[in-house]
Amino acid sequence: MRIVVTGATGNVGGALVRTLAADGAQVTATSRNITASDVPDGVRHVRSDLTDADGLRPVLDGADALFFQNGGGSAHLIDPHAVLDAAKAGGVRRVVLLSSLGVATRPDSASHGVVTKAIEDAVRDSGLDWTILRPGGFNSNTYAWIESVRASRTVAAPFGDVGLPTIDPSDIAAVGASALRQDGHTGQVYELTGPALVTPRQQAEALAEALGEPVRFVELTREQALEHMLRFMPEPVAETTLSILGEPNEAELRVSPDVERVLGRAPRAYADWARDNAPAFR
C-alpha cells in the first residue's frame, strides 16, 4: 500500500511517518518545508502545500491512501474538495482525516469548530473510504515551556488546577496507522484523548520527575496568558483556547475509550510522554 502523509513534519504526522516506515509501508511524507533530515532513511519526501491542490497532484499520483492533516491554523485557506479531487485523480481510495475534538465540543467556534467541520463534511462526501480522528489537546503543546524550563526550571501557565485528558501524539499516529492500513475503520469517527485528566501543575511535576530536578510552577492570570498568546495567534483563537483550558465543558472533560478500542491498549499518560521527551527540556 502506498500512503501519502501530509503535515509530515508535525507532531502527529512525523510520528505517523516513523510508525508506517517501521512497519514496512511505502510512504511519501509531505509538508511545506520538509527535508531529508525530517524522515527516516528510505522514506520519500516531497515539499507541497495543502493550500495548493494542483501542486499536490504529483505527490498523490499512484497513492492508495491519504493522511489528510486539517491544516491547523491554515485550515481556512484549504479547499478540501480540491485536495480530495486531486487525491481521487491520483488513485487514492482511502482517506484518514486529522480533525479536532472542537468540531464536537465547540461547533460554533470559528477557530475550533466551523472550519474543521467543513473539511470533515468534504471528506464524508468525497466518495472515498473515510475515517475521522478527533483528538483533544496534545501533550506536545507543553513544548511551549521548553525555553523557561531550560533557563530557570519554571513552568508558567494559567488554570493550574484545571485538568484535561490530553493525548500523546504518538497514540494519535498509531490510531491513524491502523485506520490507513487495516479494514474495519471506514465511516468511523474516533474521539482521541489520554487516559485521565491532567492539570498544568501535574504536568510540571511530571517534567520535574522526568528531569530529576525541581520544576517550579507559576500560575498566570487569564489576562497574562492572553497577552502572551496574542503574540502568535489571533485573538478569537486565543480566547477560545483559554475558555477550553479554564472552563472546559463536559465533552472536553470526557475520557474517550476510542484509543483502547482501536489499539487494544490504554493511551499513554502525560508522565510517559514527559519521560520520552525529557531531553528537549534539559
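Axis of helix 169-181 versus longest Cα principal axis of the chain: the two differ by about 20°, to the nearest ten degrees. The alpha carbons of the chain occupy a box of 53, 41, 35 Å along the principal axes, longest dimension given first.
Each of 195, 174, 184 was scored by the projection of its Cα onto the charge dipole of segment 114-203, and the greatest displacement toward the positive side belongs to 195; charges sit on the C-beta of Lys, Arg, Asp and Glu.
Principal-axis analysis of the Cα atoms of the chain puts helix 80-90 at an angle of about 40° to the longest axis. To put it simply, the accessible area of segment 154-282 at a 1.4 Å probe is 51 percent carbon and sulfur. In percent, rounded to a whole number, the relative contact order of the chain is 17, using alpha-carbon pairs under 8 Å and six or more apart.
Could you compute Rg(Cα) / (2.2 N^0.38 Å) for segment 1-155, with N its residue count? Display every interim value, and only then the final one.
Working: Rg = 16.1 Å, N = 155, 2.2 N^0.38 = 15.0 Å.
Ratio of Cα Rg to 2.2 N^0.38 Å: 1.08.
The dipole here belongs to segment 68-155: it is taken about the Cα centre, uses +1 on the Cβ of Lys and Arg and -1 on the Cβ of Asp and Glu, and is about 340 debye. Pick out, from 50, 99, 26, the residue whose Cα sits farthest towards the positive end of the charge dipole of segment 22-152, with +1 on the Cβ of Lys and Arg and -1 on the Cβ of Asp and Glu. Sorting the options by dipole projection puts first 99.
Accessible surface calculations at 1.4 Å, restricted to protein heavy atoms, place the chain at 45 Å² per residue. Magnitude of the charge dipole for the chain, about its Cα centre and with charges confined to Cβ atoms of Lys, Arg (+1) and Asp, Glu (-1), is about 600 debye.
Farthest towards the positive end of the charge dipole of the chain, among the residues 10, 122, 75, is the Cα of 10, using unit charges on the Cβ of Lys, Arg, Asp and Glu.
Roughly how many debye, to the nearest 20, is the charge dipole of segment 1-108 about its Cα centre, given +1 on each Lys and Arg Cβ, -1 on each Asp and Glu Cβ, and no other charges? Walk me through the numbers on the way to the answer.
Details: 10 positive and 11 negative charges, 37 e Å.
It comes to approximately 180 debye.
Our helix-only sum for the chain, with -39,500 (n - 2.57) per DSSP H run of n ≥ 4 divided by its residues, gives a mean residue ellipticity at 222 nm of -11500 deg cm²/dmol. Please report the carbon-and-sulfur percent of the accessible area for segment 18-125; probe 1.4 Å, protein heavy atoms only, DNA, RNA and ligands left out. Here carbon and sulfur together make up 45 percent of the probe-accessible area.
Residues within the reach of a label modelled at residue 261 (point 7 angstrom out along Cα to beta-carbon, backbone nitrogen below 16 Å), restricted to segment 192-225, are 192-195.
The values are calculated or read from the model by the stated rules, or taken from the named source; none is laboratory data. Please read all numbers here as calculations on a predicted model, not as lab measurements. In this analysis, Cβ positions are derived from the backbone assuming ideal geometry, glycine residues included, and neighbour counts consider all displayed protein chains. Calculation scope for accessible area: heavy atoms of the full protein, side chains included, ligands and nucleic acids excluded. Shrake-Rupley method; radii C 1.70, N 1.55, O 1.52, S 1.80 Å.
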